[in-house]
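Undergrad: Dropping a structure here in structure tokens format, bear with me for questions.
The values are calculated or read from the model by the stated rules, or taken from the named source; none is laboratory data. Values in this document were obtained by computation on a predicted structure and should not be read as measured data. No Cβ is skipped: glycine too gets one built from the backbone with ideal geometry, and neighbour counts run over all protein chains shown. What goes into the accessible areas is simple: the full protein's heavy atoms, side chains included, and nothing from ligands, DNA or RNA. Shrake-Rupley method; radii C 1.70, N 1.55, O 1.52, S 1.80 Å.
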Amino acid sequence: MSQIYLRLRGVGMTFEGQIGAPDGLKSWLPRVFRRNTASPGRYHVEALKNISLDIGHGERVGLIGLNGAGKSTLLKVLAGIYPPTSGTVERRGHVCPMFEFATGFEMNQSGWDNIRIRALLLGMPRAEIEAKIEEIGAFTELGEFLSYPVRTYSSGMFIRLAFAVSTSINPEILLLDEVMGAGDIQFAEKARKRMSEFMEQGKILVFSSHNMEQLSTLCERTIWLEKGQIAADGPTREIMALYHSANGAAVLA
Amino acid sequence: MAEPGAKVSRSDEAAARPARVRTPARRLWSDSVHALRVWRVWMFLGVQDIKARFRRSAIGPLWILFNMSLFVIGAGLLYGVLINQPMRVLLPYLVTGFTLWAFIVTSLTESAWAFVNAEGYIKQFCYPKQIYLLRTLVANTIILLISLTAVVPVQLYFRSFSLIGWLLAIPGLLLLFLAVLGHITVCAYLGVCFRDLPHAANGALQVAFFVTPVMFPARMLLERHLAWIYELNPFYYLLEIARRPILEGRPADPQIYAFAGIYVLLVWLLAWQVARSLDSRVVILL
């Protein structure tokens, strides 16, 4: 197995568009006649600015930062879901993203079929899916509901299903976006256990969290993002201290 | 490097070299190649779409055949009288033409939702989004193949069935699939930015339906010195490359294949341009 890594060089991610009017004929027609890109309704958000970082084999990295600091955007760039608007991303290894548990279902298909589809989209080979599907189904504890179309599910049931599938694959690079709490109390306990086992397997783990306890137990390295830039990057304890003093000061000021 | 197909990262060859700028075109190309390689994924999704469509319906895909036969009986009787054509020629012509036409129309209208409907997937899984184009092609192709089987009983009844003809239709059908994949690509990308597109396309295609020889033979236009109406119509060539062999048991004229081929090239050129300029923005616009 070759070395697994993530390498970002000068990565920037800018979102541009029109506030209010969605891109489309409605906003495009007037634009053709008035080539004025700086009209007041336009927005230009630099979600990430000049991010360079290397994450190597075996590293567990936490992402901290206030809401809107760019944590989710960075994870999506790492996953290859967002193509960066500048800079380069190199990745070696199979990426397993765990970003959302509430979307990406085929509403008219059964729970079993949705398990198959999700597993397939996460890169699991068909044979492995069929071998594991019983175990995945059992973990969800959804029983006969798995034969029903998922449009009959409650939001908690969606989470159970998605969680069970995502944690059943063998990840090389595992990217998590604040997805720790899953389901009701009883399930959450079970999920926490499975999650920590799962995270042990990942050869690279990058996850964003506001749970400082979790960060300090899981990661030796932490990256602090602020306004789309890396404010600090280093051993978790040091970064955590910096982060706390900075944000404490911000509150007081 | 020795990883199995689906797991190959996109930067294998670039790994050792210093950072290289990935132009949109290069990214699009490597994504498309990657998408083709994971055919198991989009095949499964496409088949699953069809299964879901007919789940809980008593006769399932037979509805396609049932609706088609209703249409054929109705249209056949009416048009047979109106344009005075013998049934044994007209009925197979109508069924084949209408089925192929529906396949083309779907690729230009409904496929605008290919990315929009896959939003939940595109935003959280890292497969290249081109797999959702191929998934649409798979689903549409299954529908086409089911409806085409309606031609067989009609041909058997009129004793005009020709197995050779069906085999000779395969190159034409393959060319048609290429054209349709081009349509799907253009519509899916544009459909993300312009949500009005499928509605507009629907209107335009209704007009096209009346000037394309689907419900009437091309000869009728020729006799009235209106041959240019179909000669300038790319859909005519797309229909003929599959319809002529099925109905007449021999390949279509070489120039018909040539025109269809040129059309496919032009559509793919357009598809490439559209995809290149929108590829990186799709996920943001969704």
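Undergrad: So, with +1 on the Cβ of K and R and -1 on the Cβ of D and E, and no other charges, what is the size of the charge dipole of the range B:38-285 about its Cα centre, to the nearest 20 debye?
TA: 560 debye
Undergrad: Using modelled amide H (1.01 Å from N, peptide plane; none on Pro or chain starts), what sits under 5 Å from the amide H of A:L48, excluding residues fewer than 5 places away?
TA: Amide H neighbours of A:L48, under 5 Å, 5+ apart: A:M13.
Undergrad: Sticking with this one: Which one, B:V89, B:A271, B:Y257, is farthest towards the positive end of the dipole of chain B when Lys and Arg carry +1 and Asp and Glu -1 on their Cβ?
TA: Final value for the positive-end residue is B:A271.
Undergrad: Report the Rg/Rh value for the range B:213-271, based on alpha-carbon coordinates and the Kirkwood definition of Rh.
TA: 1.00
Undergrad: What angle, in degrees between 0 and 90 and rounded to the nearest 10, separates the Cα long axis of helix B:163-193 from the longest principal axis of the Cα atoms of chain B?
TA: 50 degrees
Undergrad: Nearest 10 degrees is fine. How inclined is helix B:234-248 to the longest principal axis of chain B, computing both from alpha carbons?
TA: Computed tilt is about 60 degrees.
Undergrad: From the phi angles alone, apply the Karplus equation (6.51, -1.76, 1.60; θ = phi - 60°) to the range B:152-157 and give each ³J(HN,Hα) in whole Hz, x where the residue is Gly or Pro.
TA: 4, x, 4, 5, 5, 4
Undergrad: Of B:T99, B:T141, B:T185, which is the most mobile in a GNM of chain B whose springs link Cα atoms less than 10 angstrom apart?
TA: Ranking B:T99, B:T141, B:T185 by mean-square fluctuation puts B:T141 first.
Undergrad: Still on this model: Using alpha-carbon positions, what is the distance between the centroids of the range B:205-223 and the range B:99-147, in Å?
TA: First find each Cα centre; the distance between them is then 27 Å.
Undergrad: Leaving ligands, DNA and RNA out of it, report the carbon-plus-sulfur percent of the accessible area of the protein assembly as shown at a 1.4 Å probe.
TA: About 63 percent, which is the carbon plus sulfur part of the accessible surface.
Undergrad: Identify which of B:V186, B:V41, B:V207 has the largest mean-square fluctuation in a Gaussian network model of chain B, with springs joining Cα atoms closer than 10 Å.
TA: Of the options given, B:V207 has the highest mean-square fluctuation.
Undergrad: Could you state the number of Å between the C-alpha centres of the range B:258-273 and the range A:207-224?
TA: 52 Å
Undergrad: OK, next. Would you mind working out the magnitude of the charge dipole of the protein assembly as shown relative to its Cα centre, with +1 at each Lys and Arg C-beta and -1 at each Asp and Glu C-beta, to the nearest 20 Debye?
TA: 960 debye
Undergrad: Calculate, for the protein assembly as shown, the solvent-accessible area per residue in square angstrom, rolling a 1.4 angstrom probe over the heavy atoms of the protein chains.
TA: 47 Å²
Undergrad: Please work out the Cα center distance from the range B:65-89 to the range A:107-173, rounded to the nearest Å.
TA: Centre-to-centre (Cα) distance: 47 Å.
Undergrad: From the phi of every residue in the range A:118-130, what ³J(HN,Hα) in whole Hz does the Karplus formula 6.51 cos²θ - 1.76 cosθ + 1.60 yield, where θ is phi - 60° and glycine or proline is x?
TA: Values, residue by residue: 4, 5, 4, 6, 8, x, 7, x, 3, 4, 5, 4, 5 Hz.
Undergrad: Enumerate the calculated ³J(HN,Hα) couplings along the range A:221-238 in order (Karplus 6.51 cos²θ - 1.76 cosθ + 1.60, θ = phi - 60°), each rounded to whole Hz, writing x wherever the residue is Gly or Pro.
TA: Karplus values, whole Hz, x for Gly and Pro: 10, 9, 10, 9, 9, 9, 6, x, 10, 7, 7, 7, 8, x, x, 3, 5, 4.
Undergrad: Follow-up question, since we're still on this one. Pick out which of B:N202, B:N84, B:N117 has the largest mean-square fluctuation in a Gaussian network model of chain B, springs linking Cα atoms closer than 10 Å.
TA: B:N84
Undergrad: Now, a different point. Please give the solvent-accessible surface of A:L53 in Å², to the nearest 10, using a probe radius of 1.4 Å with every protein chain present.
TA: Its heavy atoms expose roughly 10 Å² to the probe.
Undergrad: Let me ask something additional. To the nearest 10 degrees, how steeply does helix B:197-211 sit against the main Cα axis of chain B, on a 0 to 90 scale?
TA: Between helix and principal axis, roughly 30 degrees.
Undergrad: Would you mind classifying the range B:168-218 by shape? Square roots of the alpha carbon gyration tensor eigenvalues, ordered a ≥ b ≥ c; an a/c under 1.5 is rounded, otherwise it is prolate if a/b is larger than b/c and oblate if not.
TA: oblate
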